[in-house]
Amino acid sequence: MTELLVKNACVIDPLRGINGEVMDIAIRNGKIVEEVSDAAEVVDARGMLTMPGGIDSHTHICGTKVNFGRYMSPEDMRAGRTPRQGAMHATSGYSVPTTYGNSYRYSVMGYTTLLEGAMAPLEARHTHEEFSYTPLQDTMANTLFDGNWGILEAIRDGDTKRVAAIIAWTLSAVKGFGVKLTNPGGTEAWQWGKNVTCIRDPVPYFEVTPAEIIRSVVEANELLHLPHSVHLHCNNLGTPGNYTCTLGSFGLIPDLNKKRQTLYATHVQFHAYGGSGWKDFCSKSEPIANYVNMRPQIVIDMGQVMFGRTTTMTADGPMEFNLYRLHHDKWSNHDVELETGSGIIPVIYRRKNLVNSIMWAIGLELALLTKSPWQCLLTTDNPNGAPFVKYPEIIALLMSKRYRDAEFATVHPDTESRVPLPAIERELDWHEIAVMTRAGGARALGIQDLGKGHLAPGADADVAIYPLRIDEVDPAAEYQKVIDGFSQTEYTIKRGRVVARRGECLVHGSNATFWVRPKVPENYDMGKDPDFIEKFDRYYTVRMRNYPVQDEYLTRSRCIETEADL
Amino acid sequence: MIVKDAVCPFCGCLCDDIEVEVEGNRVVAVTNACELGMTKFMGEKRMKNPILRDGNRWKDITYDEAIRYAADMLLSAERPLLYGWSGTHGEAQCVGVHMAELIHGVIDNTSSVCHGPSILAIQEVGHPGCTLGVVKNRADLVIYWGSNPIDAHPRHLSRYTRYAEGFFLENAFRDRKVIVVDVRKTETANIADEFIQIKPGGDYAVLSALRAIVQGKVDTIPRTVAGVTRAQLVRVANLCKSAKFGAVYFGLGLTMTQGKYKNIRNAIELISELNRHTKFTISAMRGHYNVYGSNEVNTWMTGYPFGIDFSRGIAFYNPGETTAVDILARKECDAALIVGSDPAAHFPRRCLEHLADIPVVQLDPYPNATTAFCNVQIPVAVTGIDAEGTAYRMDGVPIRTRRVLSTDYLSDEEVLSRMYALMQEAS
């Protein structure tokens, strides 16, 4: 039995309604408890800001395309390297760090749970292998269904229950967590070098539209009672005027779930663009945020862009090709049979570039104009908008108008006429930041009942203690203190152990992976469905028996079973 | 007993539809595999136990002794080299990386003498690729360039291209065109619809000519380019542009001939150009069944696919300096651990002369050319036959190999983990 007592913590725990109360946190065997014995090891938090461990609800850290981002970019690997030291292995990489690099840097920032944003089912084993080398965070993977042939055919046949059955079989087989749609229909079209422009374009051959895919998969997701909602990367990412497409997609979504949103729309910054071309490119954050404010069934994340070098990577293959034609840098693409695809290119976001400056503003605007922090979570779509190590700067920008103005003075001078940012006075408070970086993520992912995102007795003892006195620091003025404070915890506690202290990771750790197994009636078991089996055998190049990810790949398996309504 | 859907641990095709018939813990029949895979499954003469060189003779030693020998050798080395890795499972490769990091060694895999230049080209211009099933189901044009799958990857044609069924092809054999580009008429050229014969060393020029034609600059092309007529080049460029989905598979005939990584760069840039007209992909025909896995493991753990030098604590990568051949040729290396490869059969003489002068431990199930250079050889279970583990197919698809026999041999991962534990205790 191991016991730990965190004393004198200034706790913000939004899911329990605690906002800045000084209290003790008792931990036994990796869980929060009511009290511990006198023998417990004591950590004195000395009134420092203490919150549940951070949860990144959309990040790209593990798997085929992430690793290819490393593979093709020795220049990025050289840009961030540390030697083996103490319990820490050597790390490389700036925008796409090695798995240990990701894990240590997130841990030092107080993050304890990460959702990998996109996993191709056929290559799921790779994602899980990298998860085991991301030892200081619990992980889960969004599973890609945007171009899944079985699902496209079932939608064409109007059979939503079969859509649900295929999702159920696949999630169980590949040990996936959530249902991800990336440019639905577009990734299949891209295997012919084509794309869909918005939600009404039919997908070649399958003759279903993105709108039908989104609607049907959302319904299927709820039939399966999955913890998380559908996680959507809208069509038409990154193009001027795409906000209408985004609004059209949001408009498809009914309110189907009492506990959480029905749609999680990711990196919405990239989908909130006005204008008819690059010349009149402008922010449309206001209509997007207004729409979200009226629709409790929608949660978004920012996808904030920060200036500097990074690597873009997404399952949205056609978008990356378009980006390549703009940037003329190196370009990788990887289509995955019967399922989806991906693309990668390096980019530099520049303050001197008008479009980049507008993108930077839009992300902040979305967070400031969305009234409820529970509906707009803090992300950069790591590493697409920026590497996650930029989060502390983003927090400071959201908390300080003065900091925003200071930064705004350095961006392209024409930005002012294209964005509402300078007129926005709102400054977020500590509680709102806690929602956007942990509590909101836990609720949106549907993992608060599994003990994530809060510090109630029974919860996982994942705690972040930041060297910040919220009664002394004025974030509006002292934004550098906010940046420094969120860059490095005093203590990061994972599963009841201190894993990081003042920038150093102290233990090897051992990751747990959350995944979902929906129980379906016998007649909806795709593993026994003759048509499904026949198509699998004929068109996949891997045998059906070799497709599922074996238990060996999960260091700690946390399977969530659901009962499907089929 | 018949084991179904076994995974063939021979080439980068990583065929996973093999049926292996086992009687009395011996493989007696293999179905679906090619000649190469069948030979591997049927087995050669395996070494029975670890051996230690004792003057001009071999002495039998225990696993404990052999593992201790290797750990001591690596711990006392100043510039240890950990080489090979393409013929073992990913779990063992991970232990190898940790080991190299602990002892500040160099870890390199066989791609440094194989598709290393292809990787350098990818690091310059990227890689438009896809999984093999995308080609199988869609491609109406397949080009083999400097590769000869009939000999080297025998089932590539039947599983993924020439003879494969394809969802979007009504009559795949008739509707799919195959072009072979090579310096000689290979077996594969005999089953192609079009053969382009290039004078040795002329690949770069032919690729440049095709790029120019695709860009509409036919006028700039001389009457022949490296022995290929302009008429044929124009015909092939048009075939490429009018294909619905084209796929190029290149081999060492492009990677390791004059121009090396520049050839691959030019080929990739041709494909990127073709993507402005239609859909095209390009991929390397990777050799060992898990050479790609070794690149993947190295990359997520160190940031680089091969040739990683930990001598300064951080991971440092500079092919040509931190690669096995260079470290041996410069006589820097003072101890070598060889896993899952046979450098003595492939390395230049100068490297082997140095290898003969330093202590060498090899993990391999079979005696091979490198055995002659070893101080100790440790026989291990064969991944895919008597050991399970992860392998990455040439297109990046990871598959878990099956165990078809049970033996007492330790796997590479087990031997290396014990070695690593001893090294951690000592340091």
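Each reported figure results from applying straightforward, stated rules to the coordinates on display, with no laboratory input. Computed from a predicted structure; not experimentally measured. A quick note on method: Cβ atoms are made from the backbone with ideal geometry, for glycine too, and the neighbour counts reach across all protein chains shown.
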Practice problem: Report the antiparallel proportion of the DSSP beta bridges in region A:219-317 as a percent, rounded to a multiple of 5. | Solution: 25 percent
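Can you work out the FRET efficiency for the pair residue B:406 and residue B:57, with r the C-beta to C-beta distance and R0 = 25 Å, to the nearest 0.05? Each step should come with its number before you reach the end.
Values: r = 32 Å, r/R0 = 1.28.
Once rounded, the FRET efficiency stands at 0.20.
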Quiz item: Quick one: putting +1 on the C-beta of Lys and Arg, -1 on the C-beta of Asp and Glu, what dipole do you get for region A:62-177 around its Cα centre, in Debye to the nearest 20?
Solution: 300 debye
Quiz item: What is the distance, in nm, between label points placed 7 Å from the Cα along the Cα-to-Cβ direction at residue A:194 and at residue A:426?
Solution: 4.1 nm
Quiz item: For region A:55-453, with the dipole built from +1 on Lys and Arg beta-carbon atoms and -1 on Asp and Glu ones, taken about the Cα centre, which of A:197, A:368, A:240 lies farthest toward the positive end?
Solution: A:368
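May I ask for the equivalent-ellipsoid semi-axes of region B:116-284, computed as the square root of five times each C-alpha gyration tensor eigenvalue and listed largest first in whole Å?
Working: eigenvalues 99, 61, 54 Å².
Semi-axes (√(5λ), whole Å): 22, 17, 16.
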Quiz item: With each pseudo-label sitting 7 Å past Cα toward Cβ, what's the residue B:151-residue A:480 distance in nm, one decimal?
Solution: 6.8 nm
Quiz prompt | Efficiency of FRET from Cβ geometry, residue A:545 and residue A:244, R₀ 45 Å, rounded to 0.05 | solution = 0.45
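May I ask for the equivalent-ellipsoid semi-axes of region A:55-453, computed as the square root of five times each C-alpha gyration tensor eigenvalue and listed largest first in whole Å? Spell out each step's value before the answer.
Values: eigenvalues 158, 123, 95 Å².
In descending order the semi-axes read 28, 25, 22 Å.
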Exercise. Under a 10 Å cutoff between Cα atoms, tell me which one of B:272, B:294, B:242 has the largest fluctuation in the Gaussian network model of chain B.
Key: B:242
Quiz prompt | Stretch gain in nm, segment residue B:4-residue B:199, where the contour uses 0.36 nm per residue and the Cα spacing is subtracted | solution = 65.7 nm
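Quick one, can you get me the convex hull of the C-alpha atoms of chain B expressed as volume per residue in Å³?
Numbers: hull volume 59.2 nm³, N = 427.
Spread over its residues, the Cα hull of chain B gives 139 Å³ apiece.
What is the sum of charges, Lys and Arg at +1 and Asp and Glu at -1, for the other residues whose Cβ falls under 11 Å from the Cβ of residue A:516?
+3
To the nearest 20 Debye, how big is the dipole of chain B about its Cα centre, given +1 on the beta carbon of each Lys and Arg and -1 on that of each Asp and Glu?
Details: 45 positive and 49 negative charges, 390 e Å.
Charge dipole, chain B, about its Cα centre: 1880 debye, nearest 20.
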Quiz item: By what distance, in whole Å, do the Cα atoms of the protein assembly as shown stretch along each of the three principal axes, largest value first?
Solution: 77, 70, 59
Quiz prompt | Spin-label model distance (nm) - residue A:29 vs residue B:425, 7 Å beyond Cα toward Cβ | solution = 3.2 nm
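Roughly how big is region B:116-284's charge dipole about its Cα centre, with Cβ charges of +1 (Lys, Arg) and -1 (Asp, Glu), in debye to the nearest 20? Could the numbers behind the result be given before it?
On the way: 23 positive and 14 negative charges, 37 e Å.
Here region B:116-284 has a charge dipole of around 180 debye.
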Quiz item: In straight Cα distance, which lysines are under 21 Å from residue A:494, not counting same-chain residues fewer than 8 positions off?
Solution: A:7, A:31, A:452
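Grab the DSSP H runs of the protein assembly as shown that are 4 residues or longer, score each as -39,500 (n - 2.57), total them, divide by all residues and round the 222 nm result to the nearest 500 deg cm²/dmol. Write out the running numbers ahead of the final one.
Numbers: 35 runs with 317 residues, N = 993.
Here the helix-only value at 222 nm equals -9000 deg cm²/dmol.
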Self-check item: Cα convex hull volume per residue for region B:1-104 (Å³)
Solution: 157 Å³
Quiz item: Using the Cα atoms of region A:156-252 to build a convex hull, what is its mean projected area in square nanometres?
Solution: 6.5 nm²
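Hey, fewest Cβ within 10 Å first, where do B:410, A:338 land in order?
Details: B:410 19, A:338 23.
Taking fewest neighbouring Cβ atoms as first place, the list is B:410, A:338.
Using r as the Cβ-Cβ distance of residue A:38 and residue A:372, and R0 as 56 Å, what FRET efficiency do you calculate, to the nearest 0.05?
Numbers: r = 42 Å, r/R0 = 0.76.
With a Förster radius of 56 Å, E is 0.85.
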